[in-house]
1. Do you know which residues across the stretch 222-246 are β-branched (Val, Ile, Thr) and crowded, with 23+ Cβ neighbours inside 10 Å?
2. Within 15 Å of the ligand (Cβ to nearest atom) and in contact with a His (Cβ under 6 Å, 6 or more places away or on another chain), is that true of ARG137?
3. For the stretch 169-200, how many residues meet the condition of being within 15 Å of the ligand (Cβ to nearest atom) and without any contact (Cβ under 8 Å) to a residue 60 or more places away in the chain?
4. Any residue at all in the stretch 61-83 that is touching a residue at least 40 places away in the same chain (Cβ under 8 Å), within 16 Å of the ligand (Cβ to nearest atom) and among the charged types (D, E, K, R)?
5. Looking at the stretch 185-199, which of the residues that are of a type outside the set (A, V, I, L, M, F, W, C) and crowded, with 17+ Cβ neighbours inside 10 Å is farthest from GLU257 (Cα to Cα)?
6. Does any residue in the stretch 130-152 that is touching a residue at least 60 places away in the same chain (Cβ under 8 Å) come within less than 6 Å, Cβ to Cβ, of a residue that is within 15 Å of the ligand (Cβ to nearest atom) six or more places away or on a different chain, and which pairs are these?
7. Filter the stretch 163-174 for residues that are surrounded by fewer than 18 Cβ atoms within 10 Å (Cβ to Cβ) and either within 10 Å of ASN133 (Cα to Cα) or hydrophobic (A, V, I, L, M, F, W, C) (or both) and give the result.
8. Search the stretch 18-33 for residues that are in contact (Cβ under 8 Å) with a residue 40 or more places away in the chain and pair each with any residue that is assigned to a helix (DSSP H, G or I) and charged (D, E, K, R) when their beta-carbon atoms are under 8 Å apart and the residues are at least 6 apart or on different chains.
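The values are calculated or read from the model by the stated rules, or taken from the named source; none is laboratory data. What you see is a predicted model, and the numbers here were worked out from it, not measured in a lab. Glycine also receives a Cβ, built like all others from the backbone with ideal geometry; neighbour counts cover every protein chain displayed.
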Amino acid sequence: MLEAPPARALDAYASELRRSYAARVAAAKRWGLAQVPLLPPAPPARKPELRTREGFEVDGHRARRFPPVFTTVPTRQKVVFLTIDDGAEKDPAFLRMMSELNVPYTAFLSDYLVKDDYGYFKRMQDGGVTLNNHTLRHRFLPGLSYKAQKREICGMQKIIEKRYGKRPTLFRPPYGDYDRDTLRAAKSCGIKAVPLWNAEVFADRWEYREWDRDIHPGDIVLSHFRGKDHWDGTMPDMVRHFLKLVTAKGYAVARLEDYL
Ligand SMILES: [Zn+2]
């Protein structure tokens, strides 16, 4: 039979739980959320097997030789993943908000937008965010030669490695557009997976890829580093809009890297 832990240990555990819940309630209040974001379950012990999503293949079955392209991670857990692209807006309030709420996300950076302030994304990385590849200049890749595509992708690998000490394993093509050369180039630059997205969130609305206009377990959600120049609101407004729906539907936000 299992022996019960001493009452004092249980008291300490309960008070720790109460404290951490109180901190989460306070952070949610501070950032204007009506509901406290749900805690994600423990990441799966065995990573799901990733396959290129139907309709996203290039050259039929040969696509298997390339890094998988997908919009949803196969899981039954009620989790979604937040990914944020480009890098134009560098709002310090956003970094504070995400670390106080403890909501994970993954960044896909394009050098021409981040190079005026690499330090902002260093602070993001120090907060536990993985910085991934969204090319040097955000060109429409299928319009470029293989060599030019490779420069766009491998060039960004080098910059992220030099500035942030880590070579990305994830790559997202600008606009989600790619061809066989894109995937071949990405693979040769050391890319392991090409996550696209199944829904996109803005400061004031959602857009969906699926006909049911809903989120699903394992969905990857896209947003952008944008501010009032580009859309009707701020980065914190976007996060509020994102969390409002996700939490109301009973989903937690999990870390994409934990599943890949
Ligand atoms: Zn982009």
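1. Residues of the stretch 222-246 that are β-branched (Val, Ile, Thr), as a first pass: 234, 239, 246.
Answer for the stretch 222-246, where residues must be β-branched (Val, Ile, Thr) and crowded, with 23+ Cβ neighbours inside 10 Å: VAL239, VAL246.
2. On the way: within 15 Å of the ligand (Cβ to nearest atom): yes; in contact with a His (Cβ under 6 Å, 6 or more places away or on another chain): no.
Here the answer is no, as ARG137 does not meet what is asked.
3. Final tally of qualifying residues: 6.
4. no
5. To start, the set of residues in the stretch 185-199 that are of a type outside the set (A, V, I, L, M, F, W, C) comprises 187-188, 190, 192, 195, 198.
Right, trim to crowded, with 17+ Cβ neighbours inside 10 Å and you get 195, 198.
Values: PRO195: 11, ASN198: 17 Å.
Ranking the candidates gives ASN198 first.
6. THR130/THR106
7. Across the stretch 163-174, the qualifying residues are ARG167, THR169.
8. These pairs meet every condition: ALA27/GLU100; ARG30/GLU100; TRP31/GLU100; TRP31/ARG240; GLY32/ARG240; LEU33/ARG240; LEU33/LYS244.
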